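**Q** Structure incoming, see below.
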């Protein structure tokens, strides 16, 4: 397992999703007492006078909130798809390209499933 030097927390699993100018990282981490939590990081590449930098926003999601979070996210996405944009064919946004390999040191499955 890889030790994260920034905060002393172990990273168990990582999934990267590229979305246009943004990249999302879904990382499972463990505390020293082997309690697991998820971080969701949005990273945007920005330009400044002296070069590029990455602006990051992070959400920490704890196990007791997983189901509530997934339910709210799914409900919100379903509402947009069925009520606000029923005429949009969302399959047009699916890419045929393979995603980048999962960076996982645990040997866990390559898919992160909350269901």
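**Q** Counting only Cα atoms, I'd like the Rg/Rh figure for the stretch 2-93, Kirkwood definition for Rh.
**A** With Rh from the inverse mean 1/r over Cα pairs, Rg/Rh is 1.06.
**Q** Only counting other Cβ atoms within 10 Å, I'd like 62, 37, 47 sorted with the fewest neighbours first.
**A** Lowest to highest Cβ neighbour count: 47, 62, 37.
**Q** Calculate the spin-label point distance for residue 16 paired with residue 78, positioning each point 7 Å from the Cα along the beta-carbon direction, and give it in nanometres.
**A** So the label points at residue 78 and residue 16 sit 3.3 nm apart.
**Q** Assuming R0 = 30 Å, can you tell me the calculated FRET efficiency for the pair residue 55 and residue 34, based on Cβ-Cβ distance, to the nearest 0.05?
**A** Efficiency, from the Cβ-Cβ distance: 0.40.
**Q** If I model a spin label at residue 88 and residue 46 as a point 7 Å from the Cα along the Cα→Cβ vector, what separation in nanometres do I get?
**A** My value for the distance between the label points is 2.6 nm.
Read the figures in this text as sums done on the coordinates, not as results from a lab. Everything quoted here is computed from the prediction, not taken from an experiment. Neighbour counts are summed over all protein chains in view; Cβ atoms, including those assigned to glycine, are modelled from backbone coordinates with ideal geometry.
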